[in-house]
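I have placed the structure first, in the form of structure tokens, so that the comments after it can refer back to it.
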Amino acid sequence: MALATGITPAQEGAFRRGTYQGKQLTPQQREELMEPFLPSEPTSSSDRDIKKAAPIRRRKSIHKKRTGSIRAFIHFVVYHVVSLLFSVFFRFRRAYRLVRGKVVELLKYHHRTPEFIAHDVKSLQKLPKHLSVIVDYQEDDEHQGNAGLEGWVNDVCEIAAWTAAAGIPFLSVYERTGMQHPLPADTMRIYTDDNPGALKNYLPQTHASIWNTLEAYFGARRKPTLSLRAPHLPSYSPPNTPPQTAASDDDLNEERQHLTVLLLSEHDGRDTIVDLTRTLAEMAQKGDVRQEQINMDLIDAQLSDHVSSEPDLLVLFSPTVQLKGYPPWQLRLTEIL
């Protein structure tokens with residue numbers, strides 16, 4: 001130990017026990033005893049180096065702060081310039097699309113000409129045989145001109161005329177409430193009273209409105225025949241041709257297209273399934289039908305007869321898919337647009 005550190009055994013004992021030659025060492029004596037073994041104090045040159053290093057570190061920290069603030073300012077400017085460019089681009093793109101849509105709407109509007117509509121759908125690879133639409137009853141039109149009962153019936157008439165012009169033979173129109181709204185006296189002259197009721201109770205008046213729209217599109221001699229019906233109600237189809245004396249020989253030989261319009265409501269969906277289930281259960285209890293006869297084919301046939309067949313295409317006039325109680329059984333294989 002003494003060879004490695006240069007400490008004598010007496011000094012080692014003094015370090016350990018705090019006594020030297022039987023005397024208790026004072027703190028000052030212990031410091032004096034340890035002083036030869038401590039490192040030397042730094043020289044003046046090393047002090048100057050330390051003093052020089054401190055300002056250098058201080059200048060580096062100041063430089064970092066300055067460059068950091070400049071970099072943040074550059075990032076701020078670049079971010080806002082890019083945001084401004086994108087906002088201007090999106091606004092110009094939106095304005096361009098609005099103007100382009102109005103121009104295309106004017107240039108390619110069908111002008112109630114069935115030939116234009118038939119030309120538009122001619123390129124389609126597949127044309128639905130049964131088209132269904134969901135049309136909402138609007139309390140407030142927001143300057144669109146389609147509010148109230150008159151606006152709703154006008155939408156149905158336009159859709160029916162477009163459907164007939166496209167060559168689709170069957171159209172079903174769904175409105176959740178079944179048009180159970182009050183009918184104002186000044187809404188439409190063809191609705192003769194202002195009592196609350198469902199549109200299904202006004203099949204003759206609705207038929208007349210669609211019939212007049214078809215005549216405006218096709219003319220009195222070429223307009224398709226029309227039948228209007230609703231679930232659980234008989235089909236309304238009055239005499240379906242104008243006087244044959246007014247038609248030419250070519251019109252007599254030409255077979256008229258027929259359009260069927262079906263009015264649906266929320267009651268024709270789940271409520272009808274519940275009623276059918278209750279009826280089948282009662283018939284099974286009475287023995288009128290066997291349990292093994294109640295299967296998917298029977299339910300499908302009953303719902304198709306009492307409500308509607310499955311539409312090939314369902315069109316929603318909304319940005320999101322909201323079926324709003326549409327009969328669920330009829331949507332198993334329907335394409336929704």
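Counting the residues of segment 198-229 that are under 35 Å from the mean Cα position of the chain (by Cα), open to solvent by 50 Å² or more (accessible area, probe 1.4 Å) and basic (Lys, Arg) gives 1.
Each residue in segment 64-114 was checked for being in contact (Cβ under 8 Å) with a residue 40 or more places away in the chain and open to solvent by 90 Å² or more (accessible area, probe 1.4 Å), and 1 pass. Taking the criterion of being touching an Asp or Glu at 6+ places or on another chain (Cβ under 9 Å), open to solvent by 80 Å² or more (accessible area, probe 1.4 Å) and assigned to a helix (DSSP H, G or I), the residues of segment 269-310 that qualify are Glu282, His306. Residue-level analysis places Asn146 among those that are at pLDDT below 90, open to solvent by 30 Å² or more (accessible area, probe 1.4 Å) and in contact with a helix residue (DSSP H, G or I) (Cβ under 7 Å, 6 or more places away or on another chain). Go through the residues of segment 266-281 one by one and say whether even a single one is over 30 Å from Thr213 (Cα atoms) and either more than 40 Å from the chain's Cα centre (by Cα) or touching a residue at least 60 places away in the same chain (Cβ under 8 Å) (or both). Looking for residues that are over 30 Å from Thr213 (Cα atoms) and either more than 40 Å from the chain's Cα centre (by Cα) or touching a residue at least 60 places away in the same chain (Cβ under 8 Å) (or both), one finds none in segment 266-281, hence no.
The values are calculated or read from the model by the stated rules, or taken from the named source; none is laboratory data. What you see is a predicted model; the values in this text were computed from it and never measured. Heads up, the Cβs are rebuilt from the backbone with ideal geometry, glycines too, and the neighbour counts pull from every protein chain shown. These area figures cover heavy atoms from the full protein model, side chains too; ligands, DNA and RNA do not enter into them. Shrake-Rupley method; radii C 1.70, N 1.55, O 1.52, S 1.80 Å.
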